[in-house]
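What follows is a set of notes on a single structure, which appears directly below.
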Amino acid sequence: MLKQIRNIYVHIPFCNKKCSYCDFPVYALGHQTNLLHKQNIKDQYIDYLNKEIKYQFNQARQDLGKIQTLYFGGGTPSLLSPFQLESILNQIKSGATIDEKCEITIEIDPGTFDQQKLNAFKDLGVSRLSMGVQTLNEKEFNKLGRGHNFKDILASIEQIKKSNFKDDQVSIDLMMGLPDQTLESYEKSLRQTIEYGFGHQSFYILTLEENTPFHKKYINNQKELPITDQVANMYELTHDILTEQGFIHYEVSNYARNLELRSKHNLMYWEGDQEYLSFGCGAASYYQSMRFSRPRTLAKYYQYVDKLLVGSNQYYVQNSEYESQYDTLQTIVMCQLRKSEGLDLKKIDLYTDGRNGYKSQLIIDIQNKYGDQVSQYFTQLDENRIAFSVQGFLVSNTLISDIQLILDNIFLKNT
């Protein structure tokens, strides 16, 4: 199936400090590090990043369409200077055509930018900001090991408000399930974020990822963490309050004031079968039915790029995975069921060559498994679409796994 590349992700791994709950591929620069040394570290990374972009664009030239979304994630991309960001953008523009309506998102962290930097980013074509707030409760904040001070949050929101970005161009994140967090403290943070008037909000439940300080501290001692029912109450409260305020709950963790303000880049991921290119340390691509993740450390990433430039793709061969038509269908199930509009069952026809009975059997088997709970977990369950309710979203990982297993069994019986 011929697919054009229209979406790009660029990973900027630098942070002032790695948060206590984070397991992303990041490089902590440290607050005490000499500024010139920091600049040199970032410049070296951008040099390698641009080399990789140039090489990969040359390889994928025939498959590049007009770029519709470009996402700078991290890490903390707002640690880049406007000049450094411009260097990356220029490299991308030299090898690909950027659509005039391209959504260009950059993740920003409090304390890493001011009004002047934001305006410079906007002048370079950035059209969307995404800032991690996590909490507006100082006691909760102090547990997170963030790379900025609590006061930086409100100061940074003020800088955004003063900048040339409109409220509709800004997304902010909150977390639930944090140490010492209560339903009341969470609701206060939530209502405060709504008052800022930004167009998009994301909400994430704390996960104790392995090899993080939080995992070590809390995996066997969770007294400070809210219990599961309390986190569920936070999730439902978020839905109730935001939908009352006119937000659209369009994905498990995401809300927008209107459909146009949804994250177009993330919507691409949630289709499940859209191919995209990614660049940088730890970044994952999906191209020509191959899924591939780059090395997660700077040193190994630099080695990977150096070898690419002399014609060696050994790392790619050893670390890429082919995705079959059926694998892609299972990815579609996993991703599309995250959206409130759910799974379009025409995809089953598309990826099974229209074989009869698959959709009908899937619906029957789901109904048999969940019985009286169908109305609790699903807003739609027919041969056109499967979609979850808010209660379904709360247990979506289990539901999705069950549906994938049901689909596996159907395919095994028919092959």
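Numbers for the structure displayed
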| read-out | value |
| --- | --- |
| Complete set of residues in segment 102-122 that are of a type in the set (D, E, K, R) and either touching a Pro at 6+ places or on another chain (Cβ under 8 Å) or free of Cβ contacts under 8 Å to residues at least 24 places away in the same chain (or both) | Glu107, Lys117 |
| Any pair with Cβ under 9 angstrom, 6 or more apart, that starts in segment 179-195 at a residue that is in a loop (DSSP other than H, G, I, E, B) and ends at one that is acidic (Asp, Glu) | Pro179/Glu140; Pro179/Glu224; Asp180/Glu140; Asp180/Glu224; Gln181/Glu140 |
| Matching option when the condition is part of a helix (DSSP H, G or I), out of contact with any helix residue (DSSP H, G or I) (no Cβ under 6 Å at 6 or more places or on another chain), among the aliphatic types (A, V, I, L, M) and within 21 Å of Asn266 (Cα to Cα), among Leu89, Leu118 | Leu89 |
| Residues of segment 249-259 satisfying the condition of being touching a residue at least 60 places away in the same chain (Cβ under 8 Å) and outside any loop (DSSP other than H, G, I, E, B) | His249, Tyr250, Glu251 |
| Leading residue by the ranking (surrounded by the most Cβ atoms within 10 Å (Cβ to Cβ)) among those in segment 1-40 that are modelled with pLDDT under 95 and aliphatic (A, V, I, L, M) | Val26 |
| Any hit, segment 220-240, residues being outside any loop (DSSP other than H, G, I, E, B), among the acidic types (Asp, Glu) and within 20 Å of Leu129 (Cα to Cα) | no |
| Index of the failed condition, Glu260 passing every other in (1) closer than 20 Å to Glu341 by Cα; (2) crowded, with 17+ Cβ neighbours inside 10 Å; (3) not aliphatic (A, V, I, L, M) | (2) |
| Meets criteria (touching a residue at least 60 places away in the same chain (Cβ under 8 Å) and assigned by TED's automatic domain parsing to the domain that holds Ser127) for Gln68 | yes |
| Of residues in segment 196-219 being under 13 Å from Met131 (Cβ atoms) and under 19 Å from the mean Cα position of the chain (by Cα), the one surrounded by the most Cβ atoms within 10 Å (Cβ to Cβ) | His200 |
| Some residue of segment 93-102 being in a strand (DSSP E or B), basic (Lys, Arg) and surrounded by fewer than 17 Cβ atoms within 10 Å (Cβ to Cβ) | yes |
| Failed item in (1) farther than 19 Å from Thr238 by Cα; (2) modelled with pLDDT of 95 or more, with Thr415 passing the rest | (2) |
| Every residue from segment 127-156 that is farther than 23 Å from Asp229 by Cα, without any contact (Cβ under 8 Å) to a residue 40 or more places away in the chain and part of a helix (DSSP H, G or I) | Glu138, Phe150, Lys151, Leu154 |
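To keep it simple, each residue is scored yes or no on (1) charged (D, E, K, R); (2) under 19 Å from Phe247 (Cβ atoms); (3) assigned by TED's automatic domain parsing to the domain that holds Leu259.
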position: Glu100; (1), (2), (3): yes, no, yes
position: Leu118; (1), (2), (3): no, no, yes
position: Leu124; (1), (2), (3): no, no, yes
position: Arg128; (1), (2), (3): yes, yes, yes
position: Val133; (1), (2), (3): no, yes, yes
position: Lys161; (1), (2), (3): yes, no, yes
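The values are calculated or read from the model by the stated rules, or taken from the named source; none is laboratory data. Bear in mind the structure is a predicted one, so any value in this text is a computation, not a measurement. Heads up, the Cβs are rebuilt from the backbone with ideal geometry, glycines too, and the neighbour counts pull from every protein chain shown.
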